[in-house]
């Protein structure tokens, strides 16, 4: 229904808004361009060749890729997102699963990684697990985590792990990396935190 049909029923200050909305909705969805700066619809009379100029903030928007106006060919949003993610992964030191190439982050526990695709690999060299000579665990990473907890480093490489306490917390096991929502066992000598299964499998004598 044309706006003119009901224009006499509208308050004067609403007429420009309704006409702007009519112009937006009458434009096919695939042909609409929204400002890359403020997200306002850019009408056709504000589009020059392949650039739309926002009537509100005057931001230039490319009508093809919908990003801010640029020189040269468009880069698809997917390509840009992939490029940004790869840059972030490199900065954070994330690795890709050697089988499915899914990004994996390691922040605690040993270097044994199990991807959601069930592939098991070494986080340091990304080779099949137990097929490399990389260290099993990064003690430096554990020291960093202990400092973040506010505990003083107490010789992780020399501790005999002979005295443990039942510790109510929601945290990660320093050995396997699993998250335990209720409790862990904490070594009173070096403050390592292990889950029940890791203390049992390593024969640490925790009841």
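The values are calculated or read from the model by the stated rules, or taken from the named source; none is laboratory data. All figures in this text were calculated on a predicted structure; none of them were measured in a lab. Cβ coordinates were reconstructed from backbone atoms using ideal geometry, including for glycine residues, and neighbour counts include every protein chain displayed.
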Across the range 55-65, what is the total count of residues that are in contact with a strand residue (DSSP E or B) (Cβ under 7 Å, 6 or more places away or on another chain) and assigned to a loop (DSSP other than H, G, I, E, B)? 2
Within the range 65-82, is there a residue that is more than 19 Å from residue 32 (Cβ to Cβ) and in contact with a helix residue (DSSP H, G or I) (Cβ under 9 Å, 6 or more places away or on another chain)? yes
Which residues, counting only those in the range 180-207, are touching a helix residue (DSSP H, G or I) at 6+ places or on another chain (Cβ under 7 Å) and modelled with pLDDT of 80 or more? 185
Scanning the range 17-50 for residues that are outside any loop (DSSP other than H, G, I, E, B), touching a residue at least 12 places away in the same chain (Cβ under 8 Å) and closer than 15 Å to residue 64 by Cα gives 34, 41, 44, 47
Check off (1) under 14 Å from the mean Cα position of the chain (by Cα); (2) over 24 Å from residue 192 (Cα atoms); (3) surrounded by 14 or more Cβ atoms within 10 Å (Cβ to Cβ) for residue 91 and give me the number that stays unchecked. (3)
Among the numbered criteria (1) modelled with pLDDT of 85 or more; (2) surrounded by 14 or more Cβ atoms within 10 Å (Cβ to Cβ), which single criterion is violated by residue 111? (1)
